[in-house]
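So the structure is just underneath, and the comments pick up after that.
Read the figures in this text as sums done on the coordinates, not as results from a lab. Everything numeric in this text was worked out from a predicted model, so none of it was measured. Quick reminder, even Gly has a Cβ in these numbers, built from the backbone with ideal geometry, and neighbours come from all protein chains shown.
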Amino acid sequence: MYGKRGFPVKGWTLVVLAGGRARRLGGIPKGLLRLPTGETVVEHLLELSEGPRFVSTNDPEAYERLDVPLVADVMAERGAPGGVVTALAMATTEWVVVVACDMPLVTREMIDVLLAHRHQGIDAVCFSRDGELEPLLGCFRRELCHDWEARLEGHPSMRELISGVRFDVVESAEPHRLMSLNSPADAESFWSEGASGTVA
């Protein structure tokens, strides 16, 4: 279904990055944390698209019950950049929307904003909040994988990769929705503040 060879088709693919080891969450995969609605974060994120979608993960056993392809990183131990490059390399569509599995408040409306900002003169669209780029919810042209894969040897950050291409930045109208669950304190805060089920 996926692969870097061939001309990319129109449209877009959704990829959830779930490659982290969740050391700060006691070993629990962040994508499997449950929302107030009862579904896991990764399930919520996958529901944001009806088109091609898969999970980029180096822990396939944790996500094997999902009814989507699970893809391992093209280069191990490269963190989020490795997952993004994998997403681009394995998709067959011209554009790829990438979202980290620890961002439970992302909505389809946010993805639509990124997609609406695509044009011929750019290769990537990302949100910013308080002037800071948020690279782990972004829309990327698939052909970036060729250059970015070669750069993984140097352990670049996502911001370093994006700074070297043509990109647009959209200031988020709801910056709180770019929150990540990176620690037990983050999770506790989300449970207490999001108990009403504000993920949709």
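Side notes on the structure shown:
- Translational diffusion of the range 9-193, µm² s⁻¹ [Kirkwood Rh, Cα pairs; Stokes-Einstein; 20 °C; 1.002 mPa s]: 130
- In a fully extended conformation the segment linking GLN120 and VAL165 would gain 14.9 nm over its present Cα-Cα distance, using 0.36 nm per residue.
- Anisotropy class of the range 24-103 from Cα gyration tensor, a/c 1.5 cut: oblate
- Rounded to the nearest 0.05, the FRET efficiency derived from the C-beta distance between HIS146 and GLU77 at R0 = 25 Å is 0.75.
- For the range 9-193, the antiparallel share of DSSP beta bridges with both residues in that region comes to about 40%.
- Bridge type composition, the range 88-177 - antiparallel percent by DSSP, nearest 5: 70
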